[in-house]
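What follows is a short report on a single structure.
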Amino acid sequence: MAKQRRPPSRQTKARPGPLPHSPRSESLGSFGQGTAATPAPPAPERRSTYIEAVALYERGLEQLQRHDYRGAAALFESVLAKYGEEKELHERVKLYLNICQRQASSIESAPHTIEERLYASTLALNGGRYDEAISHLRLVRDEDPDNDHALYMLAVAHAQRGEFAEAVAHVERAIAINPENRALAKTDPDLDPVRDDDAFRAALESSSGLRQERRRPFRPRSAR
């Protein structure tokens, strides 16, 4: 009697052989072994003109923070004129230039109060416009004869114009009203033109005068 054959067991089914080699398996294997990834391309180098333009732009921002709107506007205009190829800066430069022009025109066009005239005088001194500064400051002095800020600034303006007698007279009065102006005048480079004048040195050494410490000394910031 023939033996009955049993059907083959599922467990004895042949297993598939190894998968064929593929680029993905190679890359994964390399990554697992710590191979470095492909480096990113280097960033493009900046032109030297870009660095120069940014430096000039930042100087303009410094002047703007000091409220020297005319000085800041001149620097921003220089960026546009000298570095026309730096287009990425132009939008920001034009924005701040418009701010400077609006602020300068609103203040310088018609200063009416003492504070506005002092501020306009500071801008004029920084810009080397000494006649304009003196014109504003005389109005302040006429309205407030003991304003040591105005007197000190008048001394600076006259010193810069080489008018030593007027500079000495105003610095003497500024020190008499506020003795703190003496220390300021001793080191202020804006008074260097008159520093070797005997009368000026005598004014700095004198201890006479009024002792009214009404205001803190005011020093216009020079843009030279």
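The values are calculated or read from the model by the stated rules, or taken from the named source; none is laboratory data. Just so we're clear, the structure is a prediction, and the values are computed from it rather than from any experiment. We place every Cβ from the backbone using ideal geometry, glycine too, and count neighbours over all the protein chains shown. Ligands, DNA and RNA are excluded from the accessible area calculation, which covers all protein heavy atoms including side chains. Shrake-Rupley method; radii C 1.70, N 1.55, O 1.52, S 1.80 Å.
Note on region 102-115: among residues that are open to solvent by 40 Å² or more (accessible area, probe 1.4 Å) and at pLDDT 85 or above, the one that is nearest to Gln160 (Cα to Cα) is Glu115. Scan region 48-71 and tell me whether some residue there is assigned to a helix (DSSP H, G or I), in contact with an Asp or Glu (Cβ under 9 Å, 6 or more places away or on another chain) and of a type in the set (S, T, N, Q). Scanning region 48-71 turns up at least one residue that is assigned to a helix (DSSP H, G or I), in contact with an Asp or Glu (Cβ under 9 Å, 6 or more places away or on another chain) and of a type in the set (S, T, N, Q).
Checking each residue in region 95-143 for being farther than 13 Å from Ala73 by Cα and part of a loop (DSSP other than H, G, I, E, B) picks out Ser109, Ala110, Pro111, His112, Thr113, Gly128, Arg129.
Residues checked against (1) surrounded by fewer than 20 Cβ atoms within 10 Å (Cβ to Cβ); (2) over 21 Å from Glu205 (Cα atoms); (3) free of Cβ contacts under 8 Å to residues at least 40 places away in the same chain:
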{"position": "Asp142", "(1), (2), (3)": "yes, yes, yes"}
{"position": "His149", "(1), (2), (3)": "no, no, no"}
{"position": "Leu154", "(1), (2), (3)": "no, no, yes"}
{"position": "Ala157", "(1), (2), (3)": "no, yes, yes"}
{"position": "Phe164", "(1), (2), (3)": "yes, no, yes"}
{"position": "Ala167", "(1), (2), (3)": "no, no, yes"}
{"position": "His170", "(1), (2), (3)": "no, no, yes"}
{"position": "Ile177", "(1), (2), (3)": "no, no, yes"}
{"position": "Leu184", "(1), (2), (3)": "yes, no, yes"}
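So how many residues does region 121-140 have that are touching a helix residue (DSSP H, G or I) at 6+ places or on another chain (Cβ under 6 Å), in contact (Cβ under 8 Å) with a residue 60 or more places away in the chain and either of a type in the set (Ser, Thr, Tyr) or under 18 Å from Ala176 (Cα atoms) (or both)? Residues flagged as touching a helix residue (DSSP H, G or I) at 6+ places or on another chain (Cβ under 6 Å), in contact (Cβ under 8 Å) with a residue 60 or more places away in the chain and either of a type in the set (Ser, Thr, Tyr) or under 18 Å from Ala176 (Cα atoms) (or both) within region 121-140 amount to 1. Number of residues in region 63-87 that are surrounded by fewer than 18 Cβ atoms within 10 Å (Cβ to Cβ) and touching a helix residue (DSSP H, G or I) at 6+ places or on another chain (Cβ under 7 Å) equals 4. Among the residues of region 88-100, none qualifies, meaning not one is open to solvent by 30 Å² or more (accessible area, probe 1.4 Å) and under 30 Å from Glu166 (Cα atoms). For region 75-91, residues that are free of Cβ contacts under 8 Å to residues at least 24 places away in the same chain and part of a helix (DSSP H, G or I) total 9.
Of a type in the set (Phe, Trp, Tyr), at pLDDT below 95 and within 25 Å of Thr113 (Cβ to Cβ) - does that describe any residue in region 203-218? Yes - at least one qualifying residue is present in region 203-218. How many residues, within region 46-73, are over 21 Å from Lys87 (Cβ atoms) and more than 13 Å from the chain's Cα centre (by Cα)? Selection size over region 46-73: 1. When Leu118 is tested against (1) farther than 20 Å from Arg70 by Cα; (2) touching a residue at least 12 places away in the same chain (Cβ under 8 Å); (3) open to solvent by less than 70 Å² (accessible area, probe 1.4 Å), just one condition goes unmet, and that condition is (1). Within region 135-185, the residues that satisfy the criterion of being basic (Lys, Arg) and within 32 Å of the chain's Cα centre (by Cα) are Arg138, Arg141, Arg161, Arg182.
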